[in-house]
Ligand SMILES: Nc1ncnc2c1ncn2[C@@H]1O[C@H](COP(=O)(O)OP(=O)(O)O)[C@@H](O)[C@H]1O
Ligand SMILES: Nc1ncnc2c1ncn2[C@@H]1O[C@H](COP(=O)(O)OP(=O)(O)O)[C@@H](O)[C@H]1O
């Protein structure tokens with residue numbers, strides 16, 4: 001394996017805030033996933049998590065540079081399974097995580113509040129997720145084991 | 001079209017100098033090509049040109065940052081056809097283009113000089129190619145019309 | 001992977017079968033909704049959504065599918081999904097769609113299930 | 001798109017058919033060469049390279065294929081390619097490989113052409 005999570009070896013991708021660019025970005029997740037021979041269904045999960053993170057940045061961040069920055073790393077924790085890590089970073093206005101209400105099927109089906117599932121989907125589909133957000137922007141670091 | 005060649009809207013990809021990373025990069029070319037509905041065979045030509053430019057950077061450049069930087073842009077010249085532009089940049093030692101001998105099938109088949117086809121393939125497969133190289137590095141800018 | 005989600009429709013009696021091809025985002029979701037509502041207007045009582053050729057549905061797309069489902073339930077109609085990839089199936093379960101709509105592996109099973117006896 | 005190029009071999013009399021799957025770079029080229037030489041050693045007089053499942057061959061891979069072709073020509077054997085994508089076909093023409101090796105659309109045509117009468 002010639003790509004690792006030590007920082008030196010990583011693939012970075014910058015996309016403009018523009019319709020459908022999230023799908024163009026999923027191609028990179030798929031290519032890196034295939035590179036480590038991650039099963040197709042797991043790659044699909046990474047792709048959807050990445051899509052959700054990108055459309056959040058597109059919709060909510062108002063990034064000062066009009067871009068979303070992605071970094072892909074593969075690594076292995078000790079002797080554990082290999083993983084694919086995706087970082088999605090925007091230089092936007094950030095948000096207060098404590099103010100985000102957890103969505104539920106009940107709320108979704110009873111009322112007008114159908115949105116609000118993006119972060120929940122990301123957490124459910126990935127094996128670990130770390131979000132840091134401030135006035136400088138938002139960074140989502142998510143990892144999926146092979 | 002939400003992606004253009006004016007500079008603001010572009011996709012950039014940075015890959016490490018490592019085996020097979022050129023193939024990971026072709027996924028991005030394919031995704032951007034599909035985005036503008038470029039026919040599959042033309043996308044294949046862009047992919048191979050990109051592969052040749054990347055392996056040149058891997059083999060010959062000795063990039064100081066250990067990376068190759070790619071930028072993808074789509075645009076349209078006046079009312080002309082849409083194009084996909086790929087820039088491959090390395091911060092390596094550069095080369096003297098006047099010193100590069102043009103390859104030929106005769107030389108390839110008669111002797112021991114089987115290599116030396118990369119730049120020729122790039123020029124043959126792309127619609128336009130501009131190479132600039134100095135001690136600071138090499139930049140190949142290539143364009144393919146849809 | 002094309003950006004445009006194509007939606008093909010087929011009508012069998014009072015069952016409308018909509019088959020998607022490609023990424024379901026807001027536009028894709030809205031196209032499905034448009035076709036679904038037009039079938040409901042013209043007398044369809046049940047909808048089958050065949051997502052066999054779709055590998056990604058984003059959360060905005062799903063929220064529109066939920067609106068379609070609610071409209072169908074309001075009219076006492078039926079809606080069934082089929083051809084879901086494991087990831088889409090998982091996402092539908094996360095969002096609770098699976099509690100309200102039936103999910104079948106194949107189109108024929110879905111059509112059989114929603115057809116009037 | 002897997003990084004490893006798989007090479008499958010089949011022997012029909014004195015014709016060896018090598019079928020590739022995936023990206024042909026230096027390692028892929030060397031694997032083809034290894035299998036080709038082993039068939040030549042064991043009496044094969046003709047090689048068919050079926051590249052149907054390969055969409056990219058880089059210039060290093062092609063330079064190795066040219067070495068294989070030269071070795072076959074030295075032994076007065078035959079080599080034919082089949083299943084080339086338009087881009088691979090174009091690249092083979094650029095590098096002059098097409099002047100020295102026969103290229104056929106299908107494997108059966110290639111096998112027929114190189115088989116001893
Ligand atoms: N990158 C971001 N920048 C700013 N705010 C964000 C970002 N990502 C998420 N948020 C905030 O978190 C909320 C919840 O996000 P999410 O769960 O994806 O649902 P939705 O996008 O449908 O509202 C958003 O409504 C927004 O307020
Ligand atoms: N990015 C680069 N950095 C430094 N030298 C390069 C670069 N690209 C090409 N070259 C020089 O140009 C020569 C010709 O390149 P090419 O036509 O691709 O053939 P090959 O790589 O097989 O030698 C190389 O041998 C090398 O000396």
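Here are a few things to note about the model shown:
- Estimated [θ] at 222 nm from DSSP helical runs (n ≥ 4, -39500 (n - 2.57)) normalised by residues in the protein assembly as shown, nearest 500: -11500 deg cm²/dmol
- Simple label model, 7 Å out from Cα along Cβ direction - residue A:130 to residue D:113, nm: 5.8
- In this simple spin-label model, placing a label point 7 Å from the Cα along the Cα-to-Cβ direction at both residue D:14 and residue C:52 gives a separation of 5.0 nm.
- The mean number of Cβ atoms from other chains found within 10 Å of a Cβ in peptide B:40-53 is 4, as a whole number.
- Rg/Rg_globular for the protein assembly as shown, with Rg_globular taken as 2.2 N^0.38 Å and Rg from C-alpha atoms: 1.10
- For segment A:25-111, the Stokes-Einstein estimate of translational diffusion at 25 °C and a viscosity of 0.890 mPa s comes to 163 µm²/s, using the Kirkwood hydrodynamic radius over alpha-carbon pairs.
- Position residue B:78, label points 7 Å along Cα→Cβ, spacing to each other copy in nm (shortest first, one decimal): 6.7
- The stretch between residue A:123 and residue A:97, if pulled fully straight at 0.36 nm per residue, gains 8.0 nm over its current Cα-Cα span.
- Taking other C-beta atoms within 10 angstrom as a stand-in for reagent exposure, D:104, D:37 fall in the order D:37, D:104, fewest first.
- Compared with the dominant Cα axis of chain B, that is its longest principal axis, helix B:21-35 is turned about 30°.
- The Rg/Rh ratio of chain B, with both radii computed over alpha carbons and Rh defined as the Kirkwood radius, is 0.98.
- Peptide B:102-111 has a mean of 4 when you count, residue by residue, the C-beta atoms of other protein chains within 10 Å of its C-beta.
- Estimated distance in nm for a label pair at residue B:62 and residue C:74, the labels positioned 7 Å out from Cα along Cα-to-Cβ: 7.1
- Helix C:59-74 axis, angle to chain C major axis (alpha carbon atoms, nearest 10°): 10
- Position residue A:110: other-copy label points at 8.6 nm, ordered by increasing distance, label point 7 Å along Cα→C-beta.
- For peptide D:91-99, the mean count of partner chain Cβ atoms within 10 Å of a residue's Cβ comes to 5.
- Whole-Å distance, taken between Cα centres, linking segment A:8-79 and segment D:80-117: 39
- Cα gyration tensor shape of chain C, rounded if a/c is under 1.5, else prolate or oblate by comparing a/b with b/c: rounded
- Label-to-label distances for residue C:117 across copies, nearest first, come out at 7.6 nm, using points 7 Å from Cα in the beta-carbon direction.
- Cβ-derived FRET efficiency at R0 25 Å, residue C:93 paired with residue A:145, nearest 0.05: 0.75
- In this calculation the C-beta distance from residue D:41 to residue A:41 is compared with R0 = 41 Å, giving a FRET efficiency of 0.40.
- FRET efficiency for the residue A:80 to residue A:107 pair, using the beta carbon distance and R₀ = 60 Å, is estimated at 0.95.
- Inter-centroid distance (Cα atoms) of segment D:33-48 relative to segment A:99-119, Å: 64
Only the coordinates and a few stated rules stand behind these numbers; no lab work does. The structure displayed is predicted, hence computed values, not measured ones. Reconstructed Cβ throughout: ideal geometry from the backbone, glycine too, with neighbour counts over all protein chains shown.
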